[in-house]
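For reference, the structure is listed below as structure tokens.
Taken together, the values in this text are just the output of simple stated rules run on the coordinates, not laboratory data. Note that the structure is predicted; figures quoted are calculated from it, not measured. Because the Cβ atoms are built from the backbone with ideal geometry, glycine has one as well, and the counts that use them run over all protein chains shown.
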Amino acid sequence: MQIALIEANKSTARALKAALARKASFPCQFQLAASLKEGLSALNEKPCDVVLLDSSLPDSDPVSAVSRVRAEFPSIPILVLSPSEDTNFVKMMHEYGAHPYAIKGTVDGVRLEEAINQAIAQGNTLKEENVLLKKNKETQSENIKTFAALLQGLKGPSLMTERILQVVISERFGSLPSGMASIFSELRSYNCKTLKMINQLLAIYEYEIDMHTMEFEPVKLSELVEEALALIDTSAQARNVTINSEVENGDKIVQLNKSGMLMALLTLLEMAITNTGLDCALSFKTVVDENSVSITVDNINPLDKRNDEGSFERLPPTSEPGLHFCKAIAEAHSGELLFRLEDTLDCKFIFRVPTSH
């Protein structure tokens, strides 16, 4: 068995080698390193079956060391060597995909061999899970592409229907019979809603397909908010909705996928504007602290009549494509989307993402 022994203490390294030489049921060959940097270099030169990793390396803490090894060599099992059996440490190492082993006094070769076998078994399980996860992602990606193609097929006829209805309603070829104008206008309204939902779903699928290649860049939140407000201004003016914007620590630079964040802000604002009464107001608050960015869109004067002129009947939150789109963007940033929809048709959206990735 090829073992990478990354151990800062030479005496401990000798004791581990000697214990395995005396008690192990398999022959061992060792790659020795006294630091994480040396260990990663050795692993790049020659692969191994298992890594024995010191928890007290001079150039790394245990979590960072495990994360680096796991990131660069995801298929190699890791056994973390620790001077104690602290339950919190054990739990943390398991969470990061490593198997902890406590060295107490004299190194027990039998216990060490058992721990190595357990780490390898855990690594094999992780490999299987990674293979399954990769297959699921590939299947999901193919499904997304299939659904996107179907939606594109629906979009064409809807666009053609929109053009025809525009011509009919404009009475370019003659006036409509009595009562028919309102019917065609209602038909066009339903078709516009269908087109909007198709475009939102296509945006979701496009974003999910490109999610694995998205780029994060430094973004000043105050500038992002200003850009969103400028782009949404036409929709707000159409319903005479005032947007009261407030930004705290907006000059802070945050690593974000700018295009995704901008689309999320515009979608949330659009949904809030649509569900706010005419001549009313929205609260749009952005707060940046050391750990996260929180963006809240809230009705100050919620729509209180479903038949209010200029509005359409609201969909339940679980079927609103815009919410699913924003949720996908939030999760791509390791964040979350929270929303509250009250009986009074008040709606509040909270978009929260961490400041670093």
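Quick notes on this structure:
- Residues of the stretch 46-72 with amide N under 14 Å of the 7 Å Cα→Cβ point at Gln29: 46-50
- Pairs exceeding a 32 Å alpha-carbon distance, out of Lys127/Lys220; Lys10/Lys46; Lys91/Lys134: Lys127/Lys220.
- The Cα atoms of the chain give a gyration tensor whose axes a ≥ b ≥ c have a/c of 1.5 or more with a/b greater than b/c, which makes the shape prolate.
- Taking label positions 7 Å along the Cα-Cβ direction at both Asp279 and Asn130, the computed distance is 6.4 nm, reported to one decimal.
- Helical mean residue ellipticity (222 nm; -39500 (n - 2.57) per DSSP H run of 4+; nearest 500) of the chain: -17500 deg cm²/dmol
- With neighbours defined as other Cβ atoms within 10 Å of a residue's Cβ, the residues Ile76, Ile164, Ile144, Ile6 order from fewest to most as Ile164, Ile144, Ile76, Ile6.
- Counting charges near Ala13 (Lys, Arg +1; Asp, Glu -1) among other residues having Cβ under 15 Å from its Cβ returns a value of 0.
- Cα→Cβ-extended label distance, 7 Å offset, between Gln118 and Glu217, nm: 4.9
- Computed label-point distance, nm, for sites Thr234 and Thr106 using a 7 Å Cα→Cβ extension: 8.2
- Under the membrane-span-like helix rule (DSSP H runs whose alpha carbons stretch at least 18 Å along the helix axis, mean Kyte-Doolittle hydropathy 0.5 or higher), the chain yields 221-238, 258-274.
- The stretch 1-144 - percent relative contact order, Cα under 8 Å, separation 6 or more: 24
- Taking a ≥ b ≥ c as the square roots of the eigenvalues of the alpha carbon gyration tensor, the stretch 20-86 is oblate, as a/c is not under 1.5 and a/b does not beat b/c.
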